[in-house]
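Take a look at the structure below.
The values are calculated or read from the model by the stated rules, or taken from the named source; none is laboratory data. Keep in mind it's a predicted model, so treat the numbers as computed, not measured. Positions of Cβ are generated from backbone atoms using ideal geometry, with glycine treated the same way; all protein chains shown enter the neighbour counts. Accessible surface areas use protein heavy atoms only, side chains included; no ligands, DNA or RNA. Shrake-Rupley method; radii C 1.70, N 1.55, O 1.52, S 1.80 Å.
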Amino acid sequence: MNLESPLDSLKGIGEKTKKFFGTVGIETVGDLLSYYPRAYERYEEPVSMRDLPQDEVVTIRGVLTAPVVNRYYAGKCISTTACTDESGEVLLTWYNMPYQKNSLRTGMTYIFRGKTKKKGKRLLIEQAAVFQEEQYESLTTTLQPVYSLTKGMTVRMVQKAVKQALTEMPFAEYLPEEPRERYHLCPWGEAVSWMHFPDSFETLQKAHRRLAFDEFFFFLLQLQSLREHRAQETHSFHIQARGAADHLIASLPYSLTGAQKRVWADLLRELQGEKVMVRLIQGDVGSGKTILAVLALLTVAENGYQGALMAPTEVLAAQHYDSVCSLLEESGLPYKALLLTGSMTAKQKREAYAQMESGEASILIGTHALIQEKAVYHALALVITDEQHRFGVRQRENLAQKGNTPHTIVMSATPIPRTLAVILYGDLDISVLNEMPANRLPIKNCVVGPPWRPKAWDFIEKQVRLGHQAYVICPMVEESDLVDAENVMEYTEAIRQALPVDIQVEYLHGRMKPLEKNEVMGRFLRNEIQVLVSTTVVEVGVNVPNATVMLIENAERFGLAQLHQLRGRVGRGDAQSYCIFLHGGKSSEVAERLDILNHSNDGFEIAAKDLQLRGPGELFGVRQSGLMNFRLADVYADADVLQLANEAVTKIMAEDPDLSFPEHQEMKAIYQRQRARQGGQISL
């Protein structure tokens, strides 16, 4: 057995179970072992019934004082009973678990674990797990993994499969002993085992450190290869500034900022140079990256070549297309823009492909459809990717290969301190837009606790009555017994009940199908939805100038840099905008940390402070940063590990650039497997 072995090579994984696992992307044993827990359950000592908090997971020890009674309503079985200790009594309720009637005996002592809920003046626990004394005691010294599940899957099913894979997998260590000792990294096999079944918080931290190192290491190894290849690249394009860009700049209703002028000079110089340009434009939301992209696309078009702009979502691609078409029409420039997305009809795609191949369309805007096999370009000289960390290195390469070594511009609003950006964007030259347009009003911020929520909802209603819209961000999609945080589904219903019926409230989250997400964002853009309750999936979204309020629930669960980027969804129009950071943290440190956002709208300053403040990642709850598509690693919380991985890659490649040394053969095999497997590479 190896990492590439199919999942059904494990005992007990039949066709039905294999299908369940396949819905969450688990096809091989390697996929299974890298399907890390989303949280860990800690079994604490039972607490007194007198001290039970509301809406929290608790463990109690009590004597059953009444037999379990089963009642049936609308085809559902509701089982109820009660238990006591010396301090009080708690009601227990189970749904569709009629067997509790025969398994629980009056007068016996049990341990119950579940979430408390208020019913009238009494507390009850619903769906409590039941343990015998000895059984529960054996769990108090462990951390039990909890996995993200889909219909048909159970935590026990995943745990059982992982345990079998860990037993049968011959883990071949790829990292030589010297760097492992130098960087204090545990063996790979131990790290995988501890990540799933840690016996303490300390071993979990060790496992996280090693596996984060591995993710960074292989990503940087791939980046190093790309960097060396691009350093030698030249192109055959003859590009000169022939007036189109100057004409557009003169026709704009605003002046470019000093930062925009400086970066445009860099872009123009490199477009006209002999070497292939590979440049990152890094700037806050609203700093004016898009107009620079349009100027570059125009300059390429006026020289008879084509330029492509790839966006991460269809809605954003369509918005870029509309914006470019408007600019071309208003300035009277004769170049044709074309939109290409996956949801277009077959006929629309055929027509688009024909215009691409003939050269009739010189400015091409779209999603991943731009890199499909049928997309053939006439003369592609420039590739631009928007919010480029959403695309894999392979995807960037695929688009670039559509032309004869075209220039590449990648744009990002993600504020990353320069010390990390130099590593993560190692194959790119970096330009920073550190000025905001003069007509932008600074966002007004406030940091408040849960008692302020009704006022926040009232404020949202007032803004809607003024014709504006609002975002509400929740860290969870659905309710979890293990993570005390607001979730999109329940929150949507709650705010619908609180707001007048004529205010349209909808939800958005990452588990929705792409077409559903596009449809919801399109309706929000058209103001058919006034309040959008969402996860951080809107972090990279369309420009909705009419949205003036951003309410972020459980703000303490996000990194400062991510909060800043979420905040950038508002403040994009002429009206004053507001961001409300509502936190559930009980410590003064939480409010103090969030208060940094009150005093700065500079994403790079905030990112630097975030880097100083963040400790180990949030291992027992929601990940604080979704930045980059790493499975486990967090660019901010694991910044020190990222720097060590970069040091290790630099040293190994300097000594053995072809990875031909005997001690590097396993490393080379893993690297080649990641390169060969479509979509298997770590993304940036």
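Numerical summary
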| quantity | calculated |
| --- | --- |
| Percent accessible area from carbon and sulfur atoms, segment 151-201, protein chains only, probe 1.4 Å | 55 |
| Whole-percent carbon and sulfur share, accessible surface of segment 483-573, 1.4 Å | 48 |
| Cα-based equivalent ellipsoid, segment 121-279: semi-axes from gyration tensor eigenvalues, Å | 55, 27, 15 |
| Pairs beyond 18 Å (Cα-Cα), from 19/160; 261/336; 289/517 | 261/336; 289/517 |
| Stokes-Einstein diffusion coefficient of segment 523-599, Kirkwood radius over Cα pairs, 20 °C, 1.002 mPa s, in µm²/s | 162 |
| Spin-label model distance (nm) - residue 109 vs residue 190, 7 Å beyond Cα toward Cβ | 3.9 |
| The chain, Cα convex hull volume normalised per residue, Å³ | 182 |
| Theoretical FRET efficiency, 1/(1+(r/R0)^6), r = Cβ-Cβ of residue 23 and residue 528, R0 30 Å, to 0.05 | 0.45 |
| Accessible area per residue in Å² at 1.4 Å probe, computed on the chain | 44 |
| Rule-of-thumb Rg ratio for segment 406-452 [Cα; 2.2 N^0.38 Å; N residues] | 1.76 |
| Share, in percent, of DSSP beta bridges within the chain that are antiparallel, nearest 5 | 40 |
| Extended-chain gain in nm, criterion 0.36 nm per residue less alpha-carbon gap, residue 643 and residue 493 | 49.6 nm |
| When segment 62-119 is reduced to its Cα atoms, the Kirkwood hydrodynamic radius in Å | 12.0 |
